[in-house]
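Report on the following structure.
No value in this document is a laboratory result; all are computed from the given coordinates. Note that the structure is a prediction, hence the values are computed from the model and not measured. All Cβ positions, even for glycine, are placed from backbone atoms using ideal geometry, and neighbour counts span all protein chains on display.
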Amino acid sequence: MKNTLYMLRFVWRADKTAVLTEIASVLLSTLQNTYSILIYKLLIDGLTDGRSLAYMLGVVLLYALLQTVNYLFLPVSNKLSSRLRMRLEKDMHGLLLAKAAVTDAEKFDDPEYYDALSKAAANSSECAYSVLENLKQIASSALYSAAGVAVLAALSPIFIALCAVSVAVDLLIRGSLAKQRFAYSEEIAPLARRSEYFKGLLFSRATAYDVKQYRGIGTLLLSKYSDALTKKQKLESEFQTKNMLGSIKSLVSAAALSTLVPYTYLAWRLFAGAVSIADMTALISAFQTALSMITNTTNFLPELKTAGMYAAHFRAILEYEPKIEGKAEGLTLGAVDSVEFRNVTFAYPDGENVLRGVSFTVARGEKLALVGVNGAGKTTIVKLLMRFYDPDAGAVLINGRDLREYNVASLRAAVTTVFQEFPSYSVPIDEFVACAEGEAVDTARVADALRRVGLYEKVMESGGLHAEYSKFFDENGVVFSGGQLQKLAIARMLYKGGDLLIMDEPSSALDPESEYEINRDIAGAARDKTIILISHRLSATRDADKIVLIEDGEVRETGGHAALIAQSGRYAHLFRLQAGGYGEGSAV
């Protein structure tokens, strides 16, 4: 019930007029349905008692009037219901998106939380509307049932007992079916998501290239998809069997308790002369009305409970309080004069330690290079520095203060990062670079950033700064190669600026000439800034003021390029391996 009331708040907030209209429609419908129970009794009694033609016409006209008002009310109600659904979709999805933006990164590593987020995004607005619709149906059925029961109480109270028995049996069966449905939906969700994931890969353009190159990958993905689909369909089949058996039980009990027993009793009473024909019509109508409406109520109650269970996912997401994101308190970070990792240890949730006692420093204006094999922990260092996560032990300091002392917004404004894997968006290029729209975009700065990475001419020849990136929405959109996309990401970094620039494999898709030119331009634009560079190409790190070699989450070597080469340690070994690949004497 708490979740039901929680969702109703959003419904009321979205469209009060629509909610009030639904309440009015329930009252009007109840009035008409109640009158429909008695109309045949009124007409037969009027005929038997010799009432006037005016009386008989009045009975019929009142019924016609109530029905006409209900018919006229229906399109208005439908229009407002449609508006309510649209507003709920906008409001509730907006809330979820806003919450996702301030959800800590570690929660996206939690499959249970991510599952709840996916379900909330898929069902939240429809779930809220379903709560209103179910409550409307329950209220309507309850009022209608009350009218039917009142007629039964006046004419033959024993029919109330027959209703109660029939409904109790039906409620037990339907309650069991509702539990089965919810358990089924919870169990099948991960299987459905898994099968859809592999099916999506098989239809993906990027995967198509991979399948053509590595034949086995197609067989592997198809096998994974087939396995997930088989398990999903097996679960579906088992559920349908249980649902069929439950439905048969419900239908058999309904036939016995709602038809055979009451009609046999009524026929006996009519034969004995205990009830009149007029009373019989009212009894039949009232009994069927009360029974069907009470059954409807019991049917909608489990539906309402199910909606409340799904609402729990939405509520859990909105009530989640982030530990890092969205926190306004703390110092405002301005200039970045120094960065220090002090004995930092960190592990991702449910994982082994990625970093173990990592320590290093970098001062303003210096260029620090982090090197090491894949999985050494280099990118994790960047994520800690951006405060996507907090260390488990030790501290990350800027200007001598723990990172946690600064508010997150000012930290992210002062630090600019380019990751090797970055998202691309189908938006105009100037908005992509500026991460803004409309008047907030400084087109002169966008053009300058594009010039620095060598993309300006390409963009202008392809439609200009306002041209759409990709052909996803616009067939005239600009398409970039992998290397050009990395340049676009670096242009975005140059546009934003910041005191601390972090580049995580920013030039992995670039040719050596482009890499050299971009590194030169970045160095020129960041003479008074601090640069942290992660690269597998050790040729890009030899000009760094300080090089830190990370292996197995630990700092193994620190120093300048010449000093590390002279040590003939791990760095020197890796550098010579790469240099050998370019040929003796090559400037790598």
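Distance between the C-alpha centres of region 469-506 and region 361-420: 22 Å, rounded to the whole angstrom.
Give the calculated FRET efficiency between Tyr114 and Lys231 to the nearest 0.05, with a Förster radius of 30 Å applied to their Cβ-Cβ distance. It comes to 0.90. Neighbours of Lys378 by Cβ distance under 13 Å: Lys/Arg scored +1, Asp/Glu scored -1, total -3.
Each Lys or Arg adds one and each Asp or Glu takes one away; over the other residues whose Cβ falls under 14 Å from the Cβ of Asp474, this sums to -2. Using the Cβ-Cβ distance between Leu318 and Thr48 with R0 set to 60 Å, the FRET efficiency from 1/(1 + (r/R0)^6) comes to roughly 0.45.
Compare the peptides 447-460, 185-198, 67-80 by average per-residue count of other Cβ atoms within 10 angstrom and give them in order, highest first.
Details: 447-460: 18.7, 185-198: 15.8, 67-80: 12.9.
Averaged packing, sorted descending, gives the order 447-460, 185-198, 67-80.
For Lys136, a cut-off of 21 angstrom between C-alpha atoms picks up these lysines, skipping any fewer than 8 places away in its own chain: Lys2, Lys16, Lys79, Lys305. Starting with the fewest neighbours, write out Val418, Val382 ranked by other beta-carbon atoms found within 10 Å of each beta-carbon. Neighbour counts put them in this order, fewest first: Val382, Val418. The lysines whose alpha-carbon is closer than 29 Å to the alpha-carbon of Lys496, local same-chain residues fewer than 8 away aside, are Lys99, Lys107, Lys323, Lys327, Lys367, Lys378, Lys383, Lys458, Lys471, Lys487, Lys529, Lys546.
Using R0 = 35 Å, the C-beta based FRET efficiency linking Ala566 and Asp528 works out to 0.70.
Within the shell defined by Cβ-Cβ distances under 11 Å, the residues around Ala335 carry a net charge of -1, with Lys and Arg each +1 and Asp and Glu each -1. Here Met386, Met244 are placed in order of increasing Cβ neighbour count within 10 Å, fewest first, which gives Met244, Met386.
Using Cβ contacts closer than 10 Å as the measure, can you line up His561, His466 from fewest to most?
Values: His561 19, His466 12.
Ranked by crowding around the Cβ, least crowded first: His466, His561.
Between the C-alpha center of region 329-352 and that of region 445-462 there is a gap of 34 Å. Descending by average beta-carbon neighbour count within 10 Å, the peptides 46-53, 332-339 line up as 332-339, 46-53, the highest first. Placing a label point 7 Å from the Cα of Leu27 along the Cα-to-Cβ direction, the residues of region 121-148 whose backbone N falls under 14 Å from that point are 140. Each part gets one Cα centre, and for region 10-41 versus region 102-155 those centres are 19 Å apart.
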